[in-house]
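A.B. asks: The following block contains the structure, expressed as structure tokens.
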Amino acid sequence: MDIAQIKPLEMLNCLKQIENRGALEIAKKMRQHCTEVFQYAIITERAENNPARELAKAMVTHTPENYAFLMEDDMREFMKSLQSYSGNILVRYATELLILTAVRTMELLSCKWEYVDLDKRYIILPKESMKKSRVHVVPLSNQAINILKFLQPITGRGEYVFSGRNSSSKHMSNGAILGLIKRLGFANRATGHGFRHQFSSVLNEHGFNRDWIEKQLNHEEGNVRGIYNHAQYLEGRREMMKWYADYIDSLTA
């Protein structure tokens, strides 16, 4: 079709075909790309109208997934159950380290021993393993250090901190942690990603520096300040992670 002849309804019908597959995010991006194409057509006098621009209100809104996370009393119950868990020790400590570091589940499970520096007390996750494609420095509390020292004789000869059950050349699957959560009786109440929500909630409630919290979560600021703010806040985050690990310990004291 001649681009100048395309009507909003014809554009919407095309996008609805993508929506009907359940690919809401792709449909949204497609509308945005088409908007730019029509805008260029207008600038270059190939068209007079942009039929994609006003379609946002006619499309299904994508609702971000909410991850279940535990309130303090439930977290106390969860930690007691976790510490008395008699199953796979690697899965137990993977779950505990996930809580103590607030990294994403796959970032932890794909962590290699070469990323770990116990002397400098941090893990450096390379951009290749990160959702945001940038290097992330994760300071470690005493509790996290103790877990890694315990695991070193077990998996230290292999590549991954949390090696897979059947092969040391592969890392543990995400399903292992979800399975443990289910076995502890917290299915639909807790998730690996939910521990990050809990981390943010507790530390914000106790007045910690928001920049430290967001940096620990490896969230990117969506403004000009975020582009120029490369500070790691490492010393402040060390103190924050020490406080948080002690807080987690206090739940079962």
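A.B. asks: Sort out which residues of segment 173-189 are among the aliphatic types (A, V, I, L, M) and modelled with pLDDT of 90 or more, and write them in order of number.
C.D. replies: Ala176, Ile177, Leu178, Leu180, Ile181, Leu184
A.B. asks: Among the residues of segment 134-170, what is the count of those that are assigned to a helix (DSSP H, G or I) and in contact with a Leu (Cβ under 9 Å, 6 or more places away or on another chain)?
C.D. replies: 10
A.B. asks: Looking at (1) surrounded by 13 or more Cβ atoms within 10 Å (Cβ to Cβ); (2) closer than 30 Å to Ala187 by Cβ; (3) touching a residue at least 12 places away in the same chain (Cβ under 8 Å); (4) not aromatic (Phe, Trp, Tyr), which is the only condition Pro8 fails?
C.D. replies: (2)
A.B. asks: Sticking with this structure for a sec: Among the residues of segment 22-30, are any in contact with a Ser or Thr (Cβ under 8 Å, 6 or more places away or on another chain) and in a loop (DSSP other than H, G, I, E, B)?
C.D. replies: No, segment 22-30 has no match at all.
A.B. asks: Would you please name the residue that is nearest to Met79 (Cα to Cα), looking only at residues in segment 99-121 that are open to solvent by 40 Å² or more (accessible area, probe 1.4 Å) and either among the small types (Gly, Ala, Ser) or outside any helix (DSSP H, G or I) (or both)?
C.D. replies: Among residues in segment 99-121 that are open to solvent by 40 Å² or more (accessible area, probe 1.4 Å) and either among the small types (Gly, Ala, Ser) or outside any helix (DSSP H, G or I) (or both), the one nearest to Met79 (Cα to Cα) is Arg121.
A.B. asks: Here's a follow-up. Of the residues Asn13, Asn50, which single one is surrounded by 15 or more Cβ atoms within 10 Å (Cβ to Cβ) and at pLDDT 85 or above?
C.D. replies: Asn50
A.B. asks: Taking Val135 and the conditions (1) more than 18 Å from Met106 (Cβ to Cβ); (2) without any contact (Cβ under 8 Å) to a residue 40 or more places away in the chain; (3) in contact with a strand residue (DSSP E or B) (Cβ under 9 Å, 6 or more places away or on another chain); (4) of a type outside the set (Lys, Arg), which numbered condition does it fall short on, given that it satisfies the others?
C.D. replies: (1)
A.B. asks: Restricting segment 53-98 to residues that are crowded, with 19+ Cβ neighbours inside 10 Å and assigned to a loop (DSSP other than H, G, I, E, B), which is modelled with the highest pLDDT?
C.D. replies: Leu55
A.B. asks: Restricting attention to segment 203-221, does a residue exist that is open to solvent by 20 Å² or more (accessible area, probe 1.4 Å), modelled with pLDDT of 90 or more and in contact with a Leu (Cβ under 7 Å, 6 or more places away or on another chain)?
C.D. replies: No, segment 203-221 contains no residue that is open to solvent by 20 Å² or more (accessible area, probe 1.4 Å), modelled with pLDDT of 90 or more and in contact with a Leu (Cβ under 7 Å, 6 or more places away or on another chain).
A.B. asks: I've got another one for you. Are any of the residues in segment 162-172 touching a Phe, Trp or Tyr at 6+ places or on another chain (Cβ under 7 Å), surrounded by 16 or more Cβ atoms within 10 Å (Cβ to Cβ) and modelled with pLDDT of 95 or more?
C.D. replies: no
A.B. asks: Something else about it: Let me confirm something: among Leu70, Leu12, which residue is under 14 Å from Ile181 (Cα atoms) and of a type outside the set (D, E, K, R)?
C.D. replies: From the options Leu70, Leu12, the qualifying one is Leu70.
A.B. asks: List every residue pair whose Cβ atoms lie under 8 Å apart, where the two residues are 6 or more positions apart in sequence or sit on different chains, the first residue falls within segment 146-174 and is of a type in the set (A, V, I, L, M, F, W, C), and the second residue, located anywhere, is open to solvent by 80 Å² or more (accessible area, probe 1.4 Å).
C.D. replies: Here the result reads Met172/Arg165, each pair linking segment 146-174 to a residue that is open to solvent by 80 Å² or more (accessible area, probe 1.4 Å).
A.B. asks: I would also like to ask the following. Which of the residues belonging to segment 16-39 are farther than 21 Å from Asn49 by Cα, surrounded by 13 or more Cβ atoms within 10 Å (Cβ to Cβ) and not charged (D, E, K, R)?
C.D. replies: Scanning segment 16-39 gives Ile18, Ala23, Leu24, Ile26.
The values are calculated or read from the model by the stated rules, or taken from the named source; none is laboratory data. Everything numeric here is computed off the predicted structure, so don't read it as measured data. Note that each Cβ is placed from the backbone with ideal geometry, even for glycine, and that neighbours are counted across all protein chains shown. All accessible areas refer to the heavy atoms of the entire protein, side chains included, with ligands and DNA or RNA removed. Shrake-Rupley method; radii C 1.70, N 1.55, O 1.52, S 1.80 Å.
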